[in-house]
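K.L.:
Before anything else, here's the structure in question.
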Amino acid sequence: MNKKVGLQPGTLLYTGDRQSTIEIPITHYTYNHESFKKNSFIFRDNLFIELHPSHVNWLNIGGIHNTELIKKVGEAFNIDSLILEDLLNNSQRPKLEIRDDYIFITLKMISHSNKKNKYEYEQISFILFSNLLITFQENPFDVFDSIRCRIEKRSGRLRTKKEGYLTYSLIDRIVDNYFVIIEDLEERIDDLEDKVTTEPKKEDFDEILELKKELLKFRRALAPLKEVSSKFKDSDIQEYLGEDIDIYLRDLQDHIIIANESNDALFNRGNELLQLYHSTISTGMNEIMKVLTMISSIFIPLSFLAGLYGMNFQYMPELTWKYGYFFILSLMISIILGTAYFFKRKNGGDIFILLYRRILITWNKL
């Protein structure tokens, strides 16, 4: 049930499952081309951040479950209560909003979980001022280690650029990780296609349904980013991100479009995979019915003969004939061979091989 139903707009309420007693790590990075400083601490009662006007300031908050912390951050940097409400809502749709003194961006960061074929979705929000970037994460674990390493070792352009380029770099790293998830989903679909086309099982059907849920969840996280990236060209946005990174923003927008197209293709393949499963099952059932029909066609005349000579009439000449038994037995064998030959000539296949194969498959399943 939605925890926010009936509450006043702007009410600060965390909608996730983490306990408010868990300590939140906070890291403050300050750097320029010449110097770098990192200050890490745990939030308890107060919040004091000293900004350096001539440096890039990146404040990373590794948890949003403590509403008191979020409230203090909002008071310290004059952040709208509606923005704070959105970043506390871990099911918030990815979006970008512009305020007088900052821009707000929220999206989903996706990574592999410890469980097989499972993914962890974490909401991450960016509030970008003219001289400060604040990032809010649900958990302290993320995919930004390579960016932190580049900042600390002064490699690449990060140490020579402002907060706008840092914001682009973080979002670009999240989008790059989407392609890792897409590649993993493609491999899962390929494996399932091989299983379904060779020997479909009930477990494959359950796995297909689970995969479709993952594809739908991934689509909901990724699709709104097209709308977010289209706003990068706005002059108000470029005022904060910087016009000098316009070429990088266009490249990021291309990546988001490609990721969405790949995700749409995967979603369609997931639907086709379910249809393929049902089609393969139907084909197998048709093969079984075909074999059973051919067997029935063989044994119907045999049953007729057995029933005919099983009647208890007193006067049946064949019953007293010396070679009657051998004649009927030979007639039955002739009917079997003749019917089998007829089906083979009619492209019916070798019914004995088909029957033997079906028995083996059924036995293996048992």
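K.L.:
Would you confirm whether any residue within segment 268-279 is open to solvent by 90 Å² or more (accessible area, probe 1.4 Å), modelled with pLDDT of 75 or more and among the acidic types (D, E)? Even if it seems obvious, please write down each step before you answer.
P.N.:
The initial filter retains those residues of segment 268-279 that are open to solvent by 90 Å² or more (accessible area, probe 1.4 Å), namely 272, 275, 278.
If we keep only those that are modelled with pLDDT of 75 or more as well, we get 272, 275, 278.
Then drop every residue that is not among the acidic types (D, E), which leaves 272.
Within segment 268-279 (the criterion being open to solvent by 90 Å² or more (accessible area, probe 1.4 Å), modelled with pLDDT of 75 or more and among the acidic types (D, E)), the answer is yes, since at least one residue qualifies.
K.L.:
For the list (1) closer than 30 Å to F342 by Cα; (2) in contact (Cβ under 8 Å) with a residue 60 or more places away in the chain, I need the number of the one condition that L292 fails.
P.N.:
In the conditions (1) closer than 30 Å to F342 by Cα; (2) in contact (Cβ under 8 Å) with a residue 60 or more places away in the chain, L292 misses (2) alone.
K.L.:
May I pose another question? What's the number of the only condition in (1) open to solvent by less than 30 Å² (accessible area, probe 1.4 Å); (2) at pLDDT 80 or above that I258 fails to meet?
P.N.:
Only one criterion in (1) open to solvent by less than 30 Å² (accessible area, probe 1.4 Å); (2) at pLDDT 80 or above is unmet by I258, namely (1).
K.L.:
Would you confirm whether or not segment 111-122 contains a residue that is within 27 Å of N78 (Cβ to Cβ), at pLDDT 85 or above, in a strand (DSSP E or B) and open to solvent by 10 Å² or more (accessible area, probe 1.4 Å)? Before you say what the answer is, go through the steps one by one.
P.N.:
Taking segment 111-122 first, the residues within 27 Å of N78 (Cβ to Cβ) are 122.
Now narrow it down to the ones that are at pLDDT 85 or above: 122.
If we keep only those that are in a strand (DSSP E or B) as well, we get 122.
Those left that are additionally open to solvent by 10 Å² or more (accessible area, probe 1.4 Å): 122.
Yes, that holds for at least one residue.
K.L.:
For segment 20-79, name all the residues that are among the hydrophobic types (A, V, I, L, M, F, W, C), open to solvent by less than 10 Å² (accessible area, probe 1.4 Å) and assigned to a helix (DSSP H, G or I).
P.N.:
Residues satisfying the conditions are L69, I70, V73.
K.L.:
Now a separate question. Considering each of F136, F141 in turn, give the residue that is of a type in the set (A, V, I, L, M, F, W, C) and open to solvent by 60 Å² or more (accessible area, probe 1.4 Å).
P.N.:
So the residue among F136, F141 that is of a type in the set (A, V, I, L, M, F, W, C) and open to solvent by 60 Å² or more (accessible area, probe 1.4 Å) is F141.
K.L.:
Give the residues of segment 321-356 that are of a type outside the set (S, T, N, Q) and at pLDDT below 60, sorted by residue number. Please lay out each step first, then the result.
P.N.:
Just the residues of segment 321-356 that are of a type outside the set (S, T, N, Q), to begin with: 321-329, 331-333, 335-338, 340-346, 348-356.
G348, G349, D350, I351, F352, I353, L354, L355, Y356 - these are the residues of segment 321-356 that are of a type outside the set (S, T, N, Q) and at pLDDT below 60.
K.L.:
Kindly indicate the residue of segment 90-110 that is in a strand (DSSP E or B) and within 18 Å of the chain's Cα centre (by Cα) and also surrounded by the fewest Cβ atoms within 10 Å (Cβ to Cβ) among those meeting that condition.
P.N.:
I110
K.L.:
From the list D244, D176, D236, D194, which one is part of a helix (DSSP H, G or I), open to solvent by 50 Å² or more (accessible area, probe 1.4 Å) and in contact with a Gly (Cβ under 9 Å, 6 or more places away or on another chain)?
P.N.:
On the way: D176 fails: in contact with a Gly (Cβ under 9 Å, 6 or more places away or on another chain); D236 fails: in contact with a Gly (Cβ under 9 Å, 6 or more places away or on another chain); D194 fails: in contact with a Gly (Cβ under 9 Å, 6 or more places away or on another chain).
That would be D244, the only listed residue that is part of a helix (DSSP H, G or I), open to solvent by 50 Å² or more (accessible area, probe 1.4 Å) and in contact with a Gly (Cβ under 9 Å, 6 or more places away or on another chain).
K.L.:
Just name the residue that is farthest from S130 (Cα to Cα) out of those in segment 179-191 that are surrounded by fewer than 19 Cβ atoms within 10 Å (Cβ to Cβ) and not hydrophobic (A, V, I, L, M, F, W, C).
P.N.:
D191
The values are calculated or read from the model by the stated rules, or taken from the named source; none is laboratory data. In this text the structure is predicted, and so the values were computed from the model without any measurement. All Cβ positions, glycine included, derive from the backbone under ideal geometry; neighbour counts span all protein chains shown. Keep in mind that these areas ignore ligands, DNA and RNA; they rest on the heavy atoms of the full protein, side chains included. Shrake-Rupley method; radii C 1.70, N 1.55, O 1.52, S 1.80 Å.
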